[in-house]
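Read through the structure below, which is laid out as structure tokens, and then see the notes.
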Amino acid sequence: MVPLAAQPKSAVQVPRPPKPLARLAGQAIADYRMIRTGDRLLLALSGGKDSLSLLHVLLALRARSPVRFELAAATVDPCIEGFDPSYLKDYVPSLGIPYFYERQHIVERAADTMHGDSFCAYCARMRRGILYAAARREGYDVLVMGQHLDDLAESFLMAAFHNGRLRTMKANYVIDAGDLRVIRPFIYVRERQTHDFASRAGLPAIVDNCPACFRMPTRRLGMKALLAEQEKSFPTLFDSLLSAMRPLLSEGLPPPDESEAVL
């Protein structure tokens with residue numbers, strides 16, 4: 001797919017992310033060696049507050065970092081009723097980066113190919129495969145995902161509660177095919193921080209990132225409610241969970257290469 005034409009950066013006023021948000025992302029990138037000189041990053045942009053916040057953080061980091069890297073964004077439109085990210089076709093190119101819009105009828109395909117799985121899990125796998133294909137086709141070697149600390153904590157407890165396993169999302173890893181890396185720069189960031197930035201900066205975020213998920217009760221929503229209730233009694237809950245998850249975050253981390261400059 002030919003990218004939508006990037007416009008000069010002056011075409012839109014680019015909001016500057018708050019220092020705490022940028023600092024946490026920068027620290028995670030450094031701790032897990034996520035971005036290296038010459039990397040070509042493709043951000044998975046859903047249109048929600050998290051991925052839009054990450055887009056602006058990466059733009060700010062790219063502008064001031066001595067480590068040179070390329071940045072583009074891609075959106076998968078799953079053709080879900082009530083979910084329309086097509087406005088991003090104008091917004092993202094106005095920021096001066098390449099943009100790829102992938103429209104796929106995931107809902108229709110789910111009826112024929114989804115067996116014994118939740119729609120959310122099925123959709124996530126499908127979107128990830130579409131993003132991998134887009135990255136390969138357009139020559140990007142690093143896929144950037146917008147999950148934050150709340151997402152990681154929910155995944156960690158869901159794996160323990162329902163599967164008896166200690167697992168969560170990884171910070172930086174090479175996929176099984178060996179040709180792409182996946183990074184998550186927001187692993188230290190709380191969801192409320194992306195919400196605050198998106199609200200204050202007036203980012204054009206889709207309120208309900210996936211209406212299908214919000215219409216159907218999921219285990220993840222239940223875990224989110226449980227964590228919110230526990231945090232009222234234990235204010236340092238997420239700090240403790242991050243400490244517990246640190247060994248899991250580094251699983252699959254590529255070995256260091258002393259010859260490479262890393263952000």
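Every number here is computed from the coordinates shown, using simple stated rules; none is lab data. Keep in mind the model is a prediction, meaning the values are calculated, not measured. Every residue, glycine as well, gets a Cβ built from its backbone with ideal geometry; the counts of neighbours run over all protein chains shown.
Observations on the structure shown:
- Residues in the range 25-37 carry Karplus couplings, in order, of 5, x, 5, 5, 4, 5, 4, 10, 6, 6, 10, 10, 4 Hz; the curve used is 6.51 cos²θ - 1.76 cosθ + 1.60 with θ = phi - 60°, and Gly or Pro positions show x.
- Net charge of Cβ neighbours under 12 Å - reference residue 194; Lys, Arg +1; Asp, Glu -1: -1
- By average C-beta atoms within 10 angstrom, highest first, the peptides 184-193, 93-102, 68-77: 184-193, 68-77, 93-102
- Sequence-ordered 3J(HN,Hα) estimates for the range 229-246 from the Karplus curve with 6.51, -1.76 and 1.60 and θ = phi - 60° stand at 5, 5, 5, 4, 8, 10, x, 9, 3, 6, 5, 5, 5, 4, 4, 5, 8, 3 Hz, glycine and proline given as x.
- Calculated on alpha-carbon atoms, Rg and Dmax of the range 130-169 in Å: 14.2, 39
- Taking only the Cα atoms of the range 19-249, the ratio Rg/Rh comes out at 0.94, with Rh defined as the Kirkwood radius.
- Across the range 132-139, rounded Karplus estimates of 3J(HN,Hα) from the backbone phi angles (6.51 cos²θ - 1.76 cosθ + 1.60, θ = phi - 60°) give 4, 5, 5, 4, 5, 4, 9, x Hz, Gly and Pro being marked x.
- Going by neighbour counts of Cβ atoms within 10 Å, the residues 232, 170, 224 line up, fewest first, as 232, 224, 170.
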